[in-house]
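Contents: one structure, followed by commentary.
The values are calculated or read from the model by the stated rules, or taken from the named source; none is laboratory data. Values in this document were obtained by computation on a predicted structure and should not be read as measured data. In this analysis, Cβ positions are derived from the backbone assuming ideal geometry, glycine residues included, and neighbour counts consider all displayed protein chains.
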Amino acid sequence: MIYLYAYTNFKDGLDSLRRVKVIYDYLTSQGKECEILLNEYRAQLTAREWGLPLATTIETIKDIDAIAGSEDIVLIDSPESIEGRVLSYPEKFKKVIYLNNSCQSVNFGNAIVLDIFKPKNLIAPQIKSSKKNGKTIFIYGDSDYEKTILKNLEIFKDKNLDLYWGVYFFVKYEDEMKEIFNDIVDSGEYYEVLSEYESVITSSLQVAIDCVFNGIKIVFLELNELKICQKDLLEKLQIDLIKEIPINLNIKEANQKEKISILNIIKSYM
């Protein structure tokens, strides 16, 4: 069995799940038997809306060994600390593949560590595009724990934008958002957004990557300070980085990528 563990929570959002979905869809299309491990119930519900099967729920990365055995392959996409008994996973399982989304090197024994924000290691879906609706949508991310959108609400006024409603957004947040944004799109419709929208303004690095791989017009709104490696990646992907939204924002065509090489790399270890 191949176990794919995606870490999600109300602060980190669903980007790990986005990547694990791509990997799951690819590996199962190649005849591999896979099971997804999640650690949060709302992520489980969204995963079902995104077309994934029922996942197994565990609490943290330290509980993977309660599910996986010595003949299993484990792929981990999580920012949780690699410490304690987790350090023994490369010897405990048949193979461990660790997707590193930090800007730092990770010491994980004999695990296969793949730095997924290097240009050749990006993970994104391939979405069948439908007729574009001519609209622009703002995707901050899956959670807004610090109420960043609310603090910057003025920059969205009169910009004719829809809003992607993150699964971890605050319940009473929506009333204030409705006064500024045209329409609010539910998180379960994420892949419909990639298929149907003309252009995207985002503050999520993984969403930006997803858009580039699908030829969607994209610009990155830096509402939170980015790491140097993240800015470098946006530059290499030719994604414009802005701090304000001008009245007449001209979002250029994305430089679409056609091949996701890391999937073949992952497959070679299976």
Query raised in the report: Has the stretch 172-181 got at least one residue that is at pLDDT 90 or above, more than 22 Å from CYS229 (Cα to Cα) and surrounded by 13 or more Cβ atoms within 10 Å (Cβ to Cβ)?
Result: yes
**Report entry** Scope the stretch 159-179; condition closer than 16 Å to ALA43 by Cα and either part of a loop (DSSP other than H, G, I, E, B) or touching a residue at least 60 places away in the same chain (Cβ under 8 Å) (or both); matching residues
**Finding:** GLY166, VAL167, TYR168, PHE169, PHE170
Query raised in the report: Looking only at the stretch 18-44, which residues are in contact (Cβ under 8 Å) with a residue 60 or more places away in the chain, out of contact with any Cys (no Cβ under 9 Å at 6 or more places or on another chain) and of a type in the set (A, V, I, L, M, F, W, C)?
Result: VAL22, ALA43
Query raised in the report: Pick from GLU59, GLU91: which is outside any loop (DSSP other than H, G, I, E, B), in the same structural domain as TYR26 (by TED's automatic domain parsing) and without any contact (Cβ under 8 Å) to a residue 40 or more places away in the chain?
Result: GLU91
Report summary line: Within the stretch 75-119, residues of a type outside the set (A, V, I, L, M) and under 19 Å from ILE228 (Cβ atoms) come out as PRO79, ASN100, ASN101, SER102, CYS103, GLN104, SER105, ASP115, PHE117, LYS118, PRO119
Query - Per-region count, the stretch 198-222, residues surrounded by fewer than 17 Cβ atoms within 10 Å (Cβ to Cβ) and closer than 20 Å to ASN152 by Cα - result: 1
Report task. Kindly list the number of the only condition in (1) among the small types (Gly, Ala, Ser); (2) surrounded by 14 or more Cβ atoms within 10 Å (Cβ to Cβ); (3) touching a Cys at 6+ places or on another chain (Cβ under 9 Å) that fails for ALA68. Result -> (3)
Report summary line: If you go through LYS128, LYS120, the only one that is under 20 Å from the mean Cα position of the chain (by Cα), modelled with pLDDT under 90 and in a helix (DSSP H, G or I) is LYS120
